[in-house]
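Down below is the structure, laid out as structure tokens.
Coordinate-derived values only; no laboratory data. Note that this is a predicted model, so its numbers are computed, not measured. Positions of Cβ are backbone-derived with ideal geometry, glycine not excepted, and every protein chain shown enters the neighbour counts.
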Amino acid sequence: MSFTYSICGKLLGDGCITKQDGRKPRFQFMHRVEDVGWTQHCYEQLKRDIPVNPPAYRKVLDTRLKKGFSESYVVQSKTHEAITALYKIWYPNGKKVLPKQWIQQHLDERSLAWWYQDDGHLKIVKGIASKIYLSTDGFTKEENEFLMQWL
């Protein structure tokens with residue numbers, strides 16, 4: 001799979017693999033409407049290796065939000081044997097887990113860049129970059145410990 005760095009970054013970031021009962025899995029990701037450029041870039045890169053549909057605009061009414069709605073772009077794949085293989089690795093019991101050995105093989109500077117672009121933040125103090133944050137809220141304490149050691 002020549003696209004493993006991008007899939008690795010996406011699955012650590014905003015990507016997931018969904019599977020409905022009796023159907024094959026599909027890869028998908030969603031970004032804020034303000035990040036349409038990044039969404040389009042990801043789509044263009046991924047469509048070389050897996051069948052992904054173009055970004056689709058989505059507006060969701062939500063009274064909890066100040067504007068009363070949220071806007072995003074969603075990219076979802078069609079089914080593909082590579083996605084089915086990744087589902088078995090990342091979702092062995094139907095729930096996402098970090099596949100440590102797979103990550104050790106595929107997490108490189110490119111996948112780290114994709115992860116950062118999806119779920120990263122640069123903290124700037126007095127005009128100087130001081131920290132890089134990567135969101136890991138969806139991972140267990142053990143998975144976070146693994147990622148800290150591996151990085």
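Numerical summary
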read-out: Prolate/oblate/rounded call for region 91-140, Cα gyration tensor, a/c under 1.5 rounded; value: prolate
read-out: Relative packing of 8-14, 75-81, 126-132, which averages over residues the other C-beta atoms within 10 Å, highest first; value: 8-14, 75-81, 126-132
read-out: Computed over the chain, the ratio Rg/Rh where both radii use C-alpha atoms and Rh is Kirkwood; value: 0.98
read-out: Pairwise label distance in nanometres, LEU65 with LYS100, each label 7 Å out on the Cα-Cβ vector; value: 3.9 nm
read-out: GNM result for the chain, Cα springs below 10 Å: residue of ASP137, ASP35, ASP21 fluctuating most strongly; value: ASP21
read-out: Projected label distance in nm at LYS141 and VAL74, using a 7 Å step from Cα toward the beta-carbon; value: 3.5 nm
read-out: Mean Cβ neighbour count within 10 Å, used as a protection proxy, ranking 65-73, 41-49 highest first; value: 41-49, 65-73
read-out: Gaussian network model of the chain, springs between alpha carbon atoms under 10 Å - residue of VAL60, VAL52, VAL97 with greatest fluctuation; value: VAL60
read-out: LYS88-TYR43 FRET efficiency (beta carbon distance; Förster radius 25 Å; 0.05 resolution); value: 0.55
read-out: Packing-based exposure ordering (other Cβ within 10 Å, fewest first) of TRP102, TRP90, TRP115; value: TRP102, TRP90, TRP115
read-out: Point-to-point label distance, ALA56-GLN149, nm (Cα→Cβ direction, 7 Å offset); value: 4.1 nm
